[in-house]
Amino acid sequence: MNVFGIGLPEMILIFVVALLIFGPKKLPEIGKSLGKTLKGFQEASKEFQEEFKKEAEKIEETVSMKAQLESSKETEENVVNSSSTEKNS
């Protein structure tokens, strides 16, 4: 088991040190608040990822629209140029 780069022996050592420092009565409260903090961080991270994806999709859509407009503009110019060339002949 490897969580955040910390193996099982290191986690046990951290738990024992925390138990000695804070005592058995205070440790569950600290664990609960730490869990809430981690959950909040995960939710914020997920929200950030979703917003990033939405913005990336908007940018991609804008770029594809611009490419389509440029393509249609080039096609229109080619038609106009070929028409004027035929008239001059």
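Cα axis of helix 8-88 to longest principal axis of the chain: angle in degrees, 0 to 90, nearest 10?
Between the helix axis and the principal axis of the chain, the angle is about 0 degrees.
Which of Ile59, Ile30, Ile14 moves most in a GNM of the chain, Cα contacts under 10 Å?
Ile14
From the C-alpha gyration tensor of the chain, pull out the three semi-axes of the equivalent ellipsoid (sqrt of 5λ each), sorted largest to smallest, in whole Å.
One finds semi-axes of 67, 13, 5 Å for the chain.
Between Val17 and Lys58, with labels modelled 7 Å along Cα→Cβ, what's the label distance in nm to one decimal, could you check?
Roughly 4.5 nm, to one decimal.
What is the local net charge at Phe52, summed over the other residues whose Cβ is closer than 12 Å to its Cβ (Lys, Arg +1; Asp, Glu -1)?
-1
Of Asn78, Phe15, Ser33, which is farthest on the positive side of the dipole of the chain, counting Cα position, with +1 on Lys and Arg Cβ, -1 on Asp and Glu Cβ, and the Cα centre as origin?
Phe15
Can you tell me the FRET efficiency between Lys36 and Ile6 if r is taken as the Cβ-Cβ distance and R0 is 25 Å, rounded to the nearest 0.05?
0.80
Every number in this text was worked out from the coordinates using simple rules, so none of it is lab data. Please read all numbers here as calculations on a predicted model, not as lab measurements. Quick reminder, even Gly has a Cβ in these numbers, built from the backbone with ideal geometry, and neighbours come from all protein chains shown.
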